[in-house]
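See structure below.
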Amino acid sequence: MNLHDLITSRIEYLYQEYERLSSMTSNGGVQEDINRLRSIKDQIDESVENLCYLLPSDFQDIVDVTDPGFLSKFHEVQSVLEGIYEKGLKMKISAGQSRFINRITSALDNRIEKLQSERDYHLNHPDEVKEKLSMMENKIFSYEDLDAKVTDPDDMTLLDIEDFHLLDEAVNDPNVSFQYKASLLKQIIAYNDAILHQHKVVSLADMDQVKSLLSEFQVPDKVQSLLSRNKDEVLSHIHLGKAKSILAYMQSKNILTSFTPDALLTIAVYGDLETLKSRYESFSSVPKTLFSIPSVWINNMSSSSIRKKSSAKQRKSSSNNNSVLFSAAHRVSYDDLVKNEEFLKSLGFDVSIAQGRGLSALQQPHNRVVQNYNLLRDFGFFDGRDQSLFPVSIFTSSHIFEKANRFIELGLLGNDNFNYVYYFPSAFVSFREEAFAKLYALKQENNRFDYYDKISSEHRIGTLKTDVHLANGEFALGDDLANYVKDNFVSITDKIPNASLFDEVLSQRDYGLDTGIEDDENICYLENNFREGDNPYYTIGGVDVSRYKVLSSYGALKSEGYMGEDAFLYSAVSGMYLTEDSFKAMKDDIDRAYSRGGDSNGLSRKI
Amino acid sequence: MDYLEKYNLSKDDILDIKESLNDDILSIFLLEDDKVISILDYFYSLGVVNIKEFILMKSTLFYENLDYIRERIEKSTIPKFELLIKENPGYLDFVGL
């Protein structure tokens, strides 16, 4: 096996372990296994004759059922028992056959006891299970990233220290065979050697073999076309034997042409027969929509840690995108799809797997959907609105908290006269980072009237010019974002000691408000001196600052022991693009507010 | 994604789109081109001409099926809705798209 095979095999093992651990604390799962094994044991205890009616596969939990030695003995025992009980022959079970039966029943008892003990331990330690599951998810993601590196023909970087740390866990796993470990070490050396000699070979199959396999199963022409377009990725990842078994199964169930061409190819490359079978057999009737979502037929976790999905700018610029099918293969797990439907339907949103409605939201990690719902609710998006008409595509957005605060600060949300984002929430998805930078600049350069005059549509009151979203036309930066920011705005990390530390603290938080933060004397000062009415913002140094951001950030920092003036200032300026003048004016006002209380030397100390 | 050229997009436009889409939506554009074309043809027939802006502002639309999209638009009671979409694709938010 080459390095890719070894990594894939490790990933499959980790998925199985993940499923096994998940089942320890869920309904069904390991309890079903315990019940099944106990039923088999009970049948044998009731009468040894019942062994005649069992299959070798019934004992797969306790023995290698492909071992010819086991199979031969099992059938021998069954033949004798059939002779005695069904044909009434005067025969006896031999001592050896009796020992075989005793070994089976003893192994069943041991297995049942072990499963019960594991189940009970995990039920009593749910936090430990949660942490283990999270670690396993991250491990699986790391292995998948490593596999992407190893199979990318354009990636000529050596395996590095991080890769070695990861592979080290497989080498040190006592459950892994010596043979696997030896192969792995050998292939690591061979891989780096190939890179050093500029001779990386990634293809597992050749094009003719794959074309021939697809033709054998008479797949639609579109599949062949997709193969040609994604040749590098397919040839470096497909296992012909596995793909053949997958296609054969689909054909046997008459579902091969039910799948969309892209789903069919993705499953053939990244799927496995067991997962496909298990999924198909779980339905009495398969909703048509699912035939277009390949990831529900492939091993995927219901993820507590969101798989990092890159925007294209973060990808290596390469004319070959070697992870297109991979992305489709891991878009959403079946569990998350179902949980999303249940969650969103219960809240009145118009989604349906069976009818293919709201697929944008349904195909997101469940944790993201829940978090985004909570945030949007807290920012008032569902007040006075028919939920069934809300564009559920907003649940696909990342950084809702940060963006909502920016929209408030830019006068586009929570503003009675220009509540643009409330009515056009897809701004969460469409606004480019360049657009935020440009609007912060315009807002600080102009008075309110001129600012809205510049950004408002000439055709419709209360709407933006469409060029704003994409920073086009008059809203173009005229430079790349990094240079524009450098030339026009201060660097918060340069201005505030501990800014990076505060970033790190806030990246771990929940977004709710800490109890009691509104009673904090510094916050009270802001409320009384920098807020008009019930505006969702303070005006500090002439700059509008989202109130929710300040309360949430300062509350989170304070609860971690950071309550100096720098933490207070950071809570106000974080996430903003600020000119030198604006930053200075804000700092002056924060100084004034903070001098009413707090640590007098201004710097936060963690208590 | 060369098929986008039929909507008067240049190679630079297509590259800009490619670089702006997240992995999921990019994989839809690269693997489900028939679906993407059917959706774009539909909006083109409604009068949307700035296809690049349309894709970038409403990229999440491409997770959906055309039938669902059509149903949402055709059930709308907003007057001159097609004109509104042409002016600002964000108006699709009003019909839950």
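Quick notes on this structure:
- Lys-Lys pairs in the range A:334-471 that are eight or more residues apart or on separate chains and whose Cα atoms lie under 16 Å of each other come to 6.
- Label positions at B:S10 and A:N446, each projected 7 Å from the Cα along the C-beta direction, are separated by 2.8 nm.
- Working note: Cα gyration tensor of the range A:399-487, eigenvalues times five, square-rooted, sorted largest first, giving semi-axes of 19, 15, 13 Å.
- Protein heavy-atom accessible surface, 1.4 Å probe, per residue over chain B: 40 Å².
- CD proxy at 222 nm, helix term only [per DSSP H run n ≥ 4: -39500 (n - 2.57); per residue of the protein assembly as shown; nearest 500]: -17500 deg cm²/dmol
- For the options B:E53, B:E71, B:E87, a Gaussian network treatment of chain B with springs between C-alpha atoms closer than 10 Å singles out B:E71 as fluctuating the most.
- Rg in Å to one decimal, and Dmax rounded to a whole Å, for chain A via C-alpha atoms: 30.6, 106
- Other protein chain Cβ atoms within 10 Å, averaged over every residue that makes up B:27-39: 5
- At full extension, A:Q209 and A:D581 could sit 127.3 nm farther apart than now, given 0.36 nm per residue minus the alpha carbon distance.
- Portion, in percent, of the accessible area of the range A:492-594 that falls on carbon or sulfur, probe 1.4 Å: 42 percent
- Averaged over A:382-394, number of beta-carbon atoms from partner chains that fall within 10 Å: 3
- Sites A:S491 and A:E169, calculated FRET efficiency, Cβ-Cβ separation with R0 56 Å, nearest 0.05: 0.90
- Between B:T77 and A:S134, the modelled label-to-label distance comes to 4.8 nm, taking each label 7 Å out from Cα in the direction of the beta carbon.
- A straight chain from A:R36 to A:D480 at 0.36 nm per residue would run longer than the Cα-Cα distance by 153.6 nm.
- Inter-label distance, A:E19 to A:D503: 4.1 nm, where each label sits 7 Å from its Cα along the C-beta direction.
- In this calculation the C-beta distance from A:A354 to A:Y249 is compared with R0 = 25 Å, giving a FRET efficiency of 0.60.
- For the range A:323-405, chymotrypsin sites (Phe, Trp or Tyr not before Pro) are listed when DSSP marks them as loop and at most 16 other Cβ atoms sit within 10 Å of their Cβ; the list is A:F382.
- Per-pair calculated FRET efficiency, R0 = 41 Å: A:R279 and A:S457 via Cβ, rounded to 0.05: 0.30
- Under 19 Å of direct C-alpha separation, and excluding same-chain neighbours fewer than eight residues apart, A:K73 reaches these lysines: A:K41, A:K92.
- Residues of the range A:164-203: accessible area per residue with a 1.4 Å probe, Å²: 67 Å²
- Here the gap between A:I44 and A:C524, fully extended at 0.36 nm per residue and compared with their Cα-Cα distance, gives a gain of 165.4 nm.
The values are calculated or read from the model by the stated rules, or taken from the named source; none is laboratory data. Everything numeric here is computed off the predicted structure, so don't read it as measured data. Note that each Cβ is placed from the backbone with ideal geometry, even for glycine, and that neighbours are counted across all protein chains shown. These accessible areas exclude ligands, DNA and RNA; they are computed on the full protein's heavy atoms, side chains included. Shrake-Rupley method; radii C 1.70, N 1.55, O 1.52, S 1.80 Å.
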